[in-house]
Each structure stands twice: as C-alpha cells, then as structure tokens.
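Below is one structure, written out as structure tokens, with a few remarks after it.
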Amino acid sequence: SKDGRSLYILNAAAFPDSHDIDYDSLLSYVLARLPGEDELISGAEYEIIFFAGGRPESATSEKKQGPGMGWYLQAYHVLSRATRKRLQRLYIVHPRTWVRVLIGVFGTIVSPKFRRKIIHFNTISALALQMPIEPLLIPPSAYLHDRKISPDIYAPYVTGKRAFGVKHPLPKNIESGEKRLPRVLRETIAFILK
C-alpha cells in the first residue's frame, strides 16, 4: 500500500463454485496467504482489497454459487486476534447487495470496530483516488465490471512508467532507427502465417 503495508487482493469472480469445492478446505489455503503470527507479533500491518463485482473468469461459464454468509463469519472467527487487529483497511470495490448485508452483520453482531476499517468504492476510479492503482494486480473481471459502471478510469497518481521501465513500448531497429515489433512477435506471426 502507499503506507508501506502488505496488500492482499481477493476477487469474488474467481471464487470456485461451492458445488465443486469444499470451502472449508479453501479457507485454510486463503488464511495461509495472510501474514504469519511471527510477522504480526513484530507489528506487521496489512490491508485487503476485495473486488466483489464482476462475472466469473470465463465468459462462457455459468453463474457460480459462492460461499454462504456462514463461511465468511467462520473465516472471521478462525482469524487470530492479532490477524484481525493488524488488518488496517478492507477496501471493497464494486460492492453488491450480499456484501452490504454481510458487512451489516459484521458491524452489528461480530465487531463494531471492524466496520470502521471498511471502505466501499463503487468504481476503480474511486479506489484510484485513495491509492495508486498502477502497481496493483487488478483482475480482468474487475475491469470488465467497471466498464459497465463507468466508461473510463481516472487515476490521479499514475506515474507514467511503462512495463519494465521502458519509455517506448516498441523497440527500434539498430540500423534504421525505425520502431518495429519485438522479435518474438515477428517470429510468432511468421509461424502462424505459414
């Protein structure tokens, strides 16, 4: 994050169908990705960005049945006290009705303090006003969902850096100085055309 904290991204569109996978087994996998007890005891804090909108990863896939509300409550209770305490912010992008209901349950029944750590954003542009989004690995499904809401993404903190620090996206020919496609693309195109 911009404050130097570890940042974790969850994508609801990538959750598997509850008929295909045991979410209790998946919970231990997800929790293993969060900071360990040693890091938390030493004072490491973290933030989570949850992309709640979007369709499943495949355009041809049918609507998937995600985990029930009880699974989220169980996930919260399985977290150690240190893990819950060290979470500084939970950013929810593209909140849906079920997310708002879930947050209402968390805020009233589970922990009113936890509710204060949650920030909702309806678009990626709103998230970009809070933090630089350029280095984030935003899933394609979140971009596609965002296009339905807003035609453009406004990002005020964009640095203008290109991939791998390159100023120009296409390399130049050493002899002529003209821009050209990278060699791997030229050879791939030539192979496909043959």
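Of everything in the range 18-37, what is within 25 Å of Lys2 (Cβ to Cβ) and not β-branched (Val, Ile, Thr)? Give them in sequence order.
Result: Arg33, Leu34, Pro35, Gly36.
Scan the helices (runs of 4 or more DSSP H) fully inside the range 61-176 and keep the ones with 1 or more residues being at pLDDT below 75.
69-78, 97-105, 112-115
Return the total of residues in the range 4-37 being within 20 Å of Phe51 (Cα to Cα) and of a type in the set (Val, Ile, Thr).
2
Do we find a residue being in contact with a His (Cβ under 9 Å, 6 or more places away or on another chain), more than 19 Å from Asn11 (Cα to Cα) and open to solvent by 20 Å² or more (accessible area, probe 1.4 Å) anywhere in the range 104-113?
Checked the range 104-113: at least one residue is in contact with a His (Cβ under 9 Å, 6 or more places away or on another chain), more than 19 Å from Asn11 (Cα to Cα) and open to solvent by 20 Å² or more (accessible area, probe 1.4 Å).
Tally up the residues in the range 114-140 that are of a type outside the set (A, V, I, L, M, F, W, C), farther than 18 Å from Gly4 by Cα and surrounded by fewer than 18 Cβ atoms within 10 Å (Cβ to Cβ), please.
Matching residues across the range 114-140 total 6.
So which of Leu34, Leu40 ends up being surrounded by 14 or more Cβ atoms within 10 Å (Cβ to Cβ) and at pLDDT 75 or above?
Among Leu34, Leu40, only Leu34 is surrounded by 14 or more Cβ atoms within 10 Å (Cβ to Cβ) and at pLDDT 75 or above.
Filter the range 43-58 down to residues that are at pLDDT 75 or above, outside any strand (DSSP E or B) and of a type in the set (Asp, Glu), then give me how many there are.
Of the residues in the range 43-58, 1 are at pLDDT 75 or above, outside any strand (DSSP E or B) and of a type in the set (Asp, Glu).
The values are calculated or read from the model by the stated rules, or taken from the named source; none is laboratory data. Values in this document were obtained by computation on a predicted structure and should not be read as measured data. Cβ sites come from the backbone with ideal geometry, for glycine too, and all protein chains shown count toward neighbours. Accessible surface areas use protein heavy atoms only, side chains included; no ligands, DNA or RNA. Shrake-Rupley method; radii C 1.70, N 1.55, O 1.52, S 1.80 Å.
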